[in-house]
Structures are given as C-alpha cells and as structure tokens.
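Report on one structure; see the data block that follows.
The values are calculated or read from the model by the stated rules, or taken from the named source; none is laboratory data. Computed from a prediction, not measured in an experiment: that's the story for all the values here. Heads up, the Cβs are rebuilt from the backbone with ideal geometry, glycines too, and the neighbour counts pull from every protein chain shown. Areas reflect the complete protein model, heavy atoms only, side chains present, ligands, DNA and RNA absent. Shrake-Rupley method; radii C 1.70, N 1.55, O 1.52, S 1.80 Å.
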Amino acid sequence: MLDDTPKTGDAFGRALKAHHAGESALEFVERDDGYLDATDVGYYFTQHSEWSEQMQAAMAHATGRVLDVGCGAGRVSLYLQEQGYGVTGIDVSQRAVEICRERGLRKARLLDIADIDHEIDDPFDSVLLCGNNFGLVGTRSKAPDILGRLARVTTHDARLIAQSRDPEATDNAAHLSYHDLNRERGRLPGALRMRVRYGQYATPWYDYLFVGPETMRELVAPTAWDVTETIESEHSPDYVAVLEKE
C-alpha cells in the first residue's frame, strides 16, 4: 500500500512520478541543521551520454548478474539491461519501482538495503551504488553491517561499484560549519541526517554518508571488500570506487 501520510509519505517517488508525467519537479533535500538543497529530478532519468565521465567509465566494471541498489527511475539499470546484463533494481520508494517497471525494467523490487540478505536467493556478480549511493551505508558504525549484507548476496569474486563524494572538497561555509558540528557530535564530517521533501510530503529522517577515497578505504577495511580502483575527476568532488572481495 502506498504511504500517503505527509510526514512519512513517498516524497521522492512523488517527485519522480511528476517528472515521468511531463511535469517540472524539484526534490528538496533537507538536512537536520535546516539546510535545503534542490535538485531537478530529471537527473534520475538521464541517458548514458549525459552521465559524468566517471560514471560512464564505471559501467565497464559491471559483470554478470547486476544488483542496482537505490535504482530511482532506473537510469543505470535500464542502460545495463540494454547492454544485455541481467539487472535487478531495488528501491525503498514504491513509486520509483513502479516507474522502473513502466520504463521497461524487467526486474524491479521494493526492498531496503538493510533487509537485502533476507530477501535475495541467487547471488549477484556486481552491485551498483550509483548517484552517491555509497551513502546508504548510513553511518561509520553501520557501514560494516551493510557492506557485510552486500557481501552475503554476492559471488566470491563480485564487484561493488560505489559512487561517493569527498565532503571536504568544498568552500561552502554552510557545509564547513556542518562538518564542524559533526566532529563535535563524534561523527564523520560527511555524515548527514536528512530527509527528502516534495510539496507537502516528506520522507522519514535517515542517515546518509559522504566520504573521500581514503575514508572509504578505512570503512571497508574490516569487511570482505577492498577498494581496488578509484575513478576521479579534477573538476568534481564526486568519484567512483571499484571494490572487490579480498
């Protein structure tokens, strides 16, 4: 059943649905310090040719059966499906899952990354955390558990293709102040407490995490994964890491 409660409703999915229907739609990401950031949700529908060079290059590392975590409107899943891969997209937004199916994704499921090892039977060869979705590990303390769950639903030689952002590659005073607040709270600088808003709807508050390449290596060190390559750009704080099982 779709959640239509304003304080817990599928704000992200509603924004995607509006764009899919031909309307102009912005999602607002609200941070727990009151900072608001607006994004045109058309980004979630972009074609391969419109992606960053890092993301385009990262696709060459996908292999076998692919799991796209936080698939949104299916931009990455659909591209890889067109290339002949067997792709399953998962998202916590039911409307996002419906849009993926409407756009032609053959396998799309309503599923939280935290429940993944209880719901997946056949192991995947590749896992995608695109659109900075390495952030779905949540917090420094939760990261080993989430990465462990991904390890349990993948093959022994699987790859994890994860996009993130170096949070400290900024001169934005509001972000730098938030980093200081996080340090005072004993959190990593790029730890976010946030929710998505659209119209009168808002998702529940949740944790999200931006990390630079070195911090990512520290987070994955106690897990089955190892960072084997990073695809970076001189012009963007965003990068893609390729992780393999040790």
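Results, tabulated for the structure shown:
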{"item": "Residues within region 78-108 that are more than 22 Å from G22 (Cβ to Cβ), outside any strand (DSSP E or B) and among the small types (G, A, S), tallied", "result": "1"}
{"item": "Selection within region 109-132 - in a strand (DSSP E or B) and either on the phi > 0 side of the Ramachandran plot or surrounded by fewer than 20 Cβ atoms within 10 Å (Cβ to Cβ) (or both)", "result": "R109, L110, D125"}
{"item": "Residue in region 192-211 that is more than 19 Å from I120 (Cβ to Cβ), out of contact with any Ser or Thr (no Cβ under 7 Å at 6 or more places or on another chain) and without any contact (Cβ under 8 Å) to a residue 60 or more places away in the chain present", "result": "no"}
{"item": "Positions within region 44-54 being among the hydroxyl-bearing types (S, T, Y), in contact (Cβ under 8 Å) with a residue 12 or more places away in the chain and in a helix (DSSP H, G or I), in sequence order", "result": "Y44"}
{"item": "Tabulated pairs, region 120-138, first closer than 16 Å to V211 by Cβ, second open to solvent by 30 Å² or more (accessible area, probe 1.4 Å) and among the hydroxyl-bearing types (S, T, Y), C-beta under 8 angstrom, 6+ apart or interchain", "result": "G131/Y44; G138/Y206"}
{"item": "Positions within region 202-246 being assigned to a strand (DSSP E or B) and in contact with a Leu (Cβ under 6 Å, 6 or more places away or on another chain), in sequence order", "result": "Y208, W225, V227, L243"}
{"item": "Selected residue (criterion: farthest from N133 (Cα to Cα)) from residues of region 18-71 that are open to solvent by 70 Å² or more (accessible area, probe 1.4 Å) and either in contact with a Lys or Arg (Cβ under 6 Å, 6 or more places away or on another chain) or among the charged types (D, E, K, R) (or both)", "result": "E23"}
{"item": "Single match in V97, V87 (criterion: buried (at least 20 other Cβ atoms within 10 Å of the Cβ) and within 21 Å of A202 (Cα to Cα))", "result": "V97"}
{"item": "Filtered residue count, region 27-70, keeping only those that are at negative phi, of a type outside the set (S, T, N, Q) and in contact with an Asp or Glu (Cβ under 6 Å, 6 or more places away or on another chain)", "result": "4"}
{"item": "Test for D145: is it within 23 Å of H118 (Cα to Cα), in contact with a strand residue (DSSP E or B) (Cβ under 8 Å, 6 or more places away or on another chain) and of a type in the set (D, E)", "result": "no"}
{"item": "Matching option when the condition is in a loop (DSSP other than H, G, I, E, B) and open to solvent by 10 Å² or more (accessible area, probe 1.4 Å), among A151, A169", "result": "A169"}
{"item": "Region 202-246, subset touching a Pro at 6+ places or on another chain (Cβ under 8 Å) and among the aromatic types (F, W, Y), residue most open to solvent (accessible area, probe 1.4 Å)", "result": "F210"}
{"item": "All positions within region 183-201 that are outside any strand (DSSP E or B) and crowded, with 18+ Cβ neighbours inside 10 Å", "result": "R187, L188, P189, G190"}
